[in-house]
Structure formats: structure tokens, C-alpha cells
Amino acid sequence: MRNFMALVHNEWLKMSKKRSFFIPYAIIAVVAVGLAWALKHWGGEMLGTASDYTIMMAGTTGFGQFTAMLAVIFTAGLVASEHGMGTIKFLLIRGQSRAKILASKYVAALLFALSLIVWLNVVCFAAGAVWFSTDLPSGALRDILITAGSSLVFSIVYMTLGFMMGVLTRSTGAAMGIGMAAIVLSGITIPKNFYKFILFPNANLSVYNHGGQPPLPGMTLPFSIAVLAVYIVLFLGASFVTFKRRDIA
């Protein structure tokens, strides 16, 4: 376990040393603060509290969707870039299994997605506290946590898809493009019974908040969680099988 955590730490260090590492955090901060100011001055009584603003911004129908895109963009090339630069060979000669190496990259990607969602909620609440009321209505904290959790699941699903495409194609561009295209397609619903088994309508768990109407009849929260779990297992299975069997030379 210690060796594995050292691999994860190494992957995080490699990510954090990139010049582009802090760009997603900066984008989130600028948009969250700027939009809070704009809504305060031009939005009238649209929002009353910092929690209202956080829930609006951090949801998958708000800036949470764009945050998922940022996670995909930054993590899609974790494997592909190593192939492109030829540095993947140096990782494989250090006595660690391919499965451990790929798992450490995926865990680092998960931590990055988690950090973006936490940062989004913290900055939104801070900005909301400056421009709106800091009162916490009953159930507000619960709603914030549910919104953050839904956005995190949304980000993880599409980040895992992009991660898989990076392994399969060895192309950062293809992984980013497919991952972002999938996020865009997530807003499309086809009124056919088979479509409820497709990834897209199940990725947004926030539709179930407060007894909301699911995209298609027969869909429930446990059903969507089960569907997402199956897709994530398939994505990771394809990634690990390909990475372990592919000739690196």
C-alpha cells in the first residue's frame, strides 16, 4: 500500500508541476466571483443567500458541467502524454506492475476531479457570502452536499471515459474530444425505453433531488447508480486490459 501511495503522490507531483495545473482553479474562481457580482448588481432578487448561489453554480446544470470538462481536459492525457513523450518506459522498468501504475494515474485523476468540485463549492459559497446573505436556511447544507456529490459523480463518469480513451488511442486530443463530446450529449434525451440503459441520461443524479422527475419512465436513483457503476467498471476494465497487454516498445 505504501508503494502504491508513493506512486499516486508521484503522479500528483507530475500533474502539479505543469504550468497549466492551476488554470482550471483560476477559471473557476474568476467565473464564480464575476457571476456573483453580476447577479448581485443586475439579477435583482434572483438569489437570497450564499447557499442558493452555491447550489445554482455547482450543479451539473450550472458550472458543475463545465468543471467536469476541465477535469476531462486535464486528465485525458495522463497516459497518452506518457506514450507521446516516451516516458512510459521509465515507469515500467521500476519494478511496479502495469496495473499499479495505471491505477495510480486513475486515483490521481480522481483526486484532481474531487479537488475541482471542492474548490468550486468553496469559492462559490465565499463569493455568495460577500454579495448575498450568509444565512443557512433549513436543509441548505444538505442540498449543497447533494449538489456537490452529484457533480462529482458526473465528473468522475466522464473523466473515466476520457481516461479510457487516452489509454485506448494514446491520443490526448482524441481522449479530450470524446470526453467533452459525451458531456455535451448528456443533455440529450431520446424518448425510447432502451435509452435509459445508456450512460448519458443516468450521469446527472441531481434530477432526483427533492423527488424530481427522471428523464425517462422507470428510472430511479438506485437504477442510475447501478448503470453508472456498470459503465465505470467497463471503462476501467477496457483500460487495464489494454494497458497490460499493449506493447510499449
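The values are calculated or read from the model by the stated rules, or taken from the named source; none is laboratory data. It should be emphasised that the depicted structure is a prediction, and the values quoted were computed from it without experimental measurement. Glycine also receives a Cβ, built like all others from the backbone with ideal geometry; neighbour counts cover every protein chain displayed. Please note that ligands, DNA and RNA were not included when accessible areas were found on the heavy atoms of the full protein model with its side chains. Shrake-Rupley method; radii C 1.70, N 1.55, O 1.52, S 1.80 Å.
A few points about this structure:
- Convex hull per residue volume in Å³, alpha carbons only, for region 166-249: 99 Å³
- For the chain, the 222 nm mean residue ellipticity estimated from helices alone, with every DSSP H stretch of n ≥ 4 adding -39500 (n - 2.57) and the total spread over all residues, rounds to -24000 deg cm²/dmol.
- Projecting the Cα atoms of Thr169, Leu70, Leu234 onto the dipole axis of the chain, where Lys and Arg carry +1 and Asp and Glu carry -1 at the beta carbon, places Thr169 farthest toward the positive end.
- Between the C-alpha center of region 21-70 and that of region 170-220 there is a gap of 22 Å.
- With all protein chains modelled, accessible area of Val227 [1.4 Å, Å²]: 20 Å²
- Alpha-carbon radius of gyration plus Dmax, which is the widest Cα pair, for region 138-184 in Å: 14.4, 49
- Taking the Cα atoms of the chain, the ratio Rg/Rh between the radius of gyration and the Kirkwood radius comes to 1.01.
- Val184 accessible area, assembled protein chains, probe 1.4 Å, Å²: 100 Å²
- Its Cα gyration tensor gives region 107-160 an equivalent ellipsoid, and the semi-axes of that ellipsoid, as √(5λ) in whole Å with the largest first, are 25, 13, 7.
- Listed residues Tyr25, Tyr195, Tyr231, most fluctuating in the chain (Gaussian network, C-alpha, under 10 Å): Tyr195
- Computed extension length for Lys192-Ala140: 15.2 nm, one decimal, from 0.36 nm per residue of separation with the Cα-Cα distance subtracted.
- Computed E for His210/Arg98 - FRET, C-beta separation, R0 41 angstrom, nearest 0.05: 0.35
- Carbon and sulfur %, accessible surface of the chain computed with the full protein complex present, 1.4 Å: 69 percent
- 3J(HN,Hα) from dihedral phi, region 8-22, Karplus parametrisation 6.51/-1.76/1.60, rounded to Hz, x for glycine, proline: 4, 4, 5, 5, 5, 4, 5, 5, 6, 7, 6, 4, 7, 4, 8
- Between 0 and 90 degrees, the angle of helix 221-245 with respect to the longest Cα principal axis of the chain falls at about 20 degrees.
- In this Cβ point-charge picture (+1 for Lys and Arg, -1 for Asp and Glu), the chain has a dipole of about 1240 debye about its Cα centre.
- Proximity of backbone amide H atoms, modeled 1.01 Å from N, is registered between Ser133 and Thr49, Ala50 at under 5 Å, excluding neighbours fewer than 5 places apart on the same chain.
- Region 87-229: C-alpha pair distances exceeding 27 Å, %: 37 percent
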